[in-house]
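Scroll down for the structure; my scribbles are underneath it.
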Amino acid sequence: MRLFTPRPGWSWRALHAPIHGAGSRRIRPGCFSDFRSWLFALLLAAAGHVAASADRPLVFGVFPKMTAKQTVEIYRPLAHALERHLQRSIVVYSARDFKTFVERTRQGEYDILLTAPHLAWLARQDAGYRPLLKYARPTHGLLVVKQASRFQAPDELRGSTIATADAIAVTVLAVQAEMAANGLQRDTDYRTADAGTHFNAAMQAINGRADAAMLGMHPYFLLPPEVRQQLRVLAKTPPLSSLMYLTHPRLRDREATAIRQALLDFAATPEGVSFMQHGGYGGFAAVDGSELRAFHPYALRVQEILRASR
């Protein structure tokens, strides 16, 4: 970035000096020339700043529902498509856990954000993020057990340990709400164990370290086939809005529009069709503002959990 430094003797107050009337003292010859030189240099500095901003890679923050390796592998084709369309570098970032991801979102570290709907509500509320698109196919919270497990119904899990991706995952909150509606309260009728990711939660159920696991439907589809074959779905929540793409307010309207179009164009390519089929996303759809309002209760629950963990 180019930085403009005024020449010795110049004062920033010169920009705010009053304009004198006809009877005032004449302005010293050469002052306008110096002012024009100073203004030209300032405009060059501003242009350099804009160019530097345009050259800066866009940070694409992906909700940490998978391991870092899985996130990079799965979203690399989409990131490359964005780079080709926008003619700008894209770097994919996530976070080690949901709490860190929410905090980085609040601080505005991500230019492009892919996150769960209740966290999208927080992102808009706390940092002004603007929704672009969502995955068209709704998601569900899943309660799964090992294929050979003796459990046949959720109410049989009373007194058990259930692995979760994270306490603030919307699918986890939705499964817990369904279990509560059927008389099973967390920390009273069953215990939860934070596994960090959906994959780890599934493996804890398979390896016998937990009696069951709460997963999201999309992460469930993204599990390796040999892992998914060892699981059995015990219960499924009603449909929930899927992951949403948002942009930070520092990106101008035309930049946000270009990103939205790049995503839609990617979905129409053979690579994009494969991406959507693999994740069970069903393509892209517009985001209705009322959808975010519907996740307000979940967002408030996340805030409670985060405050308690500090």
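The values are calculated or read from the model by the stated rules, or taken from the named source; none is laboratory data. Bear in mind the structure is a predicted one, so any value in this text is a computation, not a measurement. Neighbour counts run over all protein chains shown; Cβ positions are idealised from the backbone, glycine included. For the accessible areas, the whole protein counts, side chains as well, though only heavy atoms, and no ligand, DNA or RNA atoms are used. Shrake-Rupley method; radii C 1.70, N 1.55, O 1.52, S 1.80 Å.
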Name the strands (runs of 3 or more DSSP E) wholly inside segment 213-310 in which the number of residues that are under 25 Å from R186 (Cβ atoms) is 1 or more.
-> 231-236
Any chance you could count how many residues in segment 129-139 are touching a Lys or Arg at 6+ places or on another chain (Cβ under 9 Å) and either open to solvent by 30 Å² or more (accessible area, probe 1.4 Å) or charged (D, E, K, R) (or both)?
-> 2
Would you be able to say whether some residue in segment 186-195 is open to solvent by 50 Å² or more (accessible area, probe 1.4 Å) and over 15 Å from L157 (Cβ atoms)?
-> yes
Among the residues of segment 201-210, is any modelled with pLDDT under 95, open to solvent by 10 Å² or more (accessible area, probe 1.4 Å) and either within 23 Å of F295 (Cα to Cα) or part of a helix (DSSP H, G or I) (or both)?
-> no
Segment 159-205: number of residues that are closer than 18 Å to L223 by Cα and among the small types (G, A, S) = 8
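Quick check on my filter: what residues within segment 88-124 are of a type in the set (S, T, N, Q), at pLDDT 95 or above and surrounded by fewer than 23 Cβ atoms within 10 Å (Cβ to Cβ)?
First, the residues of segment 88-124 that are of a type in the set (S, T, N, Q): 89, 94, 100, 105, 107, 115.
Next, from what is left, pick out any that are at pLDDT 95 or above: 89, 105, 107, 115.
If the condition is that a residue be of a type in the set (S, T, N, Q), at pLDDT 95 or above and surrounded by fewer than 23 Cβ atoms within 10 Å (Cβ to Cβ), then S89, Q107 are the ones that fit.
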Being open to solvent by 40 Å² or more (accessible area, probe 1.4 Å) and touching a residue at least 24 places away in the same chain (Cβ under 8 Å) is the filter here, so list the residues in segment 172-182 that pass it.
-> A177, E178, N182
Matching residues in segment 157-171 - criterion: being surrounded by 15 or more Cβ atoms within 10 Å (Cβ to Cβ), at pLDDT 95 or above and not in a strand (DSSP E or B) = L157, S160
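Return yes when V145 is open to solvent by less than 60 Å² (accessible area, probe 1.4 Å), under 23 Å from M276 (Cα atoms) and assigned to a strand (DSSP E or B) and no when it is not.
Numbers: open to solvent by less than 60 Å² (accessible area, probe 1.4 Å): yes; under 23 Å from M276 (Cα atoms): no; assigned to a strand (DSSP E or B): yes.
So V145 does not fit the description; no.
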